[in-house]
Amino acid sequence: MLLVATSLSAQTIPNEEVKVRIRFRTLSFDAPIKDIGFLDNGEFRHLNIATDAFSAEQEYVGPRNLQFGIAEDAGKPLTRPPSPEMQAATQRLNRAKTASLKASEEYVEITKLLQKIGHQSSERTKPLTQADKEQITALEAAHSLLTEQMMAASKEIEAAGWQILRLQSLSRPAGENPESVAKKKEERVPAAKKSTVMNPTAAVNFPHDGRYLLLFSHARKDQEVLALDDAEGIFPYGSQMLINLTGTEIEVRYPGQLIRIPANGHSVIKRAAPDYEYATGEIYTHGPAGPEIGCTLRSYQHPDIRTLYFLIPTEVGGTAVGLRGIQERKPKDTPAASVNPVKPAKSK
């Protein structure tokens, strides 16, 4: 039983050296990012991250910690000084990341000890001593505690990420087009050579293989990235994902449906109306007299289109809610952009 348990634990070790296979699309929340990319075997892979459309799907095979950065000859990063609230949110995020990394490292070491004890016990004929049993019990207890700590840190990282997005929505004047934030003289970004990324600006720790949506935002001069699981069935085509950045709980009401979304939370509405028909929903916030309508959401139900909505504050204040939507049509069966793919074994 011990060998089986340690074997199963080893399959889920969050080891930095373990490689993952992922597919991801990117989107910038507050301003287009045209000078960012990531390293693939020392070579800089350039990305254009828009605010009004998801990028083409990328395929990546490599260490689970994927860093993004700016090429040496690319433009300067955003240098707008952060607000005290943004500094606090960024510090909260950094503390959670540090706690996650520390727990992860300890988890790996304890798992190795359990595996070592299991291996030794399988090689000897004598039963485990009382001291061995007590050591195993203590290690398994530490194992469970670290698992809880990693889960808590993961939730804290996600919560801080939503908080940063909300603060970004508050810092942008109402009605301002995100494209205009980064409006500047167009410059051709030189093709980066191998090993030219000198300024890391963001990183994502992928917990496992799969598909993800990466939402970029500026917390300081660098970017923060929030990774949303995009596994099949979570945010399917024909559905809507609503991300609540209003700072208060909201209610989304469609005929026959009532969905509550907490502040800094998100929810997916799989089907708002029959295919090829319009649906009209209402978004309510909590005012002094109870739920008050914040805006109306009218959408067209198409089985091959999914929509991501950011629900943001407006300059009107009160219970008014602003909407920003990004649609994505189901792509044709084309292969994803391949990054460091695993080569198939040669047949003998």
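With the structure loaded, tell me whether residue 144 is modelled with pLDDT of 70 or more, more than 28 Å from residue 47 (Cα to Cα) and of a type in the set (Gly, Ala, Ser) or whether it fails that test.
Working: modelled with pLDDT of 70 or more: yes; more than 28 Å from residue 47 (Cα to Cα): yes; of a type in the set (Gly, Ala, Ser): yes.
In short, yes.
Has the stretch 44-58 got any residue that is at pLDDT below 85, under 19 Å from the mean Cα position of the chain (by Cα) and farther than 20 Å from residue 104 by Cβ?
Among the residues of the stretch 44-58, not one is at pLDDT below 85, under 19 Å from the mean Cα position of the chain (by Cα) and farther than 20 Å from residue 104 by Cβ, which makes the answer no.
Return the residue satisfying two criteria in turn: it lies in the stretch 126-144 and is open to solvent by 70 Å² or more (accessible area, probe 1.4 Å) and in contact with a helix residue (DSSP H, G or I) (Cβ under 9 Å, 6 or more places away or on another chain), and of such residues it is farthest from residue 115 (Cα to Cα).
Within the stretch 126-144, the match that is farthest from residue 115 (Cα to Cα) is 127.
Could you say whether any residue in the stretch 285-301 is surrounded by 15 or more Cβ atoms within 10 Å (Cβ to Cβ), in contact with a Lys or Arg (Cβ under 7 Å, 6 or more places away or on another chain) and either small (Gly, Ala, Ser) or closer than 23 Å to residue 162 by Cβ (or both)?
Within the stretch 285-301, none of the residues are surrounded by 15 or more Cβ atoms within 10 Å (Cβ to Cβ), in contact with a Lys or Arg (Cβ under 7 Å, 6 or more places away or on another chain) and either small (Gly, Ala, Ser) or closer than 23 Å to residue 162 by Cβ (or both).
So which residues in the stretch 228-260 are under 22 Å from the mean Cα position of the chain (by Cα) and without any contact (Cβ under 8 Å) to a residue 40 or more places away in the chain, if there are any at all?
228, 229, 231, 232, 233, 234, 248, 249, 260
Please work out which residue is surrounded by the fewest Cβ atoms within 10 Å (Cβ to Cβ), limiting yourself to the stretch 149-175 and to residues that are modelled with pLDDT of 80 or more and farther than 21 Å from residue 262 by Cα.
Step by step, filter the stretch 149-175, then rank; the result is 149.
When you look at residue 111, is it hydroxyl-bearing (Ser, Thr, Tyr), open to solvent by less than 50 Å² (accessible area, probe 1.4 Å), out of contact with any Cys (no Cβ under 6 Å at 6 or more places or on another chain) and within 20 Å of residue 224 (Cα to Cα), yes or no?
no
Looking at the stretch 77-86, is at least one residue modelled with pLDDT of 85 or more and assigned to a loop (DSSP other than H, G, I, E, B)?
Checking the stretch 77-86: not a single residue is modelled with pLDDT of 85 or more and assigned to a loop (DSSP other than H, G, I, E, B).
Is there a residue being within 28 Å of residue 167 (Cα to Cα), aliphatic (A, V, I, L, M) and surrounded by 13 or more Cβ atoms within 10 Å (Cβ to Cβ) anywhere in the stretch 264-273?
Scanning the stretch 264-273 turns up at least one residue that is within 28 Å of residue 167 (Cα to Cα), aliphatic (A, V, I, L, M) and surrounded by 13 or more Cβ atoms within 10 Å (Cβ to Cβ).
What single numbered condition from (1) at pLDDT below 90; (2) assigned to a strand (DSSP E or B); (3) touching a Pro at 6+ places or on another chain (Cβ under 9 Å) fails to hold for residue 207?
(2)
Checking residue 186 against (1) within 23 Å of residue 248 (Cα to Cα); (2) charged (D, E, K, R); (3) modelled with pLDDT under 80, which test does it fail?
Going through (1) within 23 Å of residue 248 (Cα to Cα); (2) charged (D, E, K, R); (3) modelled with pLDDT under 80 one by one, residue 186 breaks only (1).
The values are calculated or read from the model by the stated rules, or taken from the named source; none is laboratory data. Since the model is a prediction, treat every value here as computed from it, not as a measurement. With ideal geometry, Cβ positions are generated from the backbone for all residues, glycine too; neighbour counts draw on all protein chains shown. Areas reflect the complete protein model, heavy atoms only, side chains present, ligands, DNA and RNA absent. Shrake-Rupley method; radii C 1.70, N 1.55, O 1.52, S 1.80 Å.
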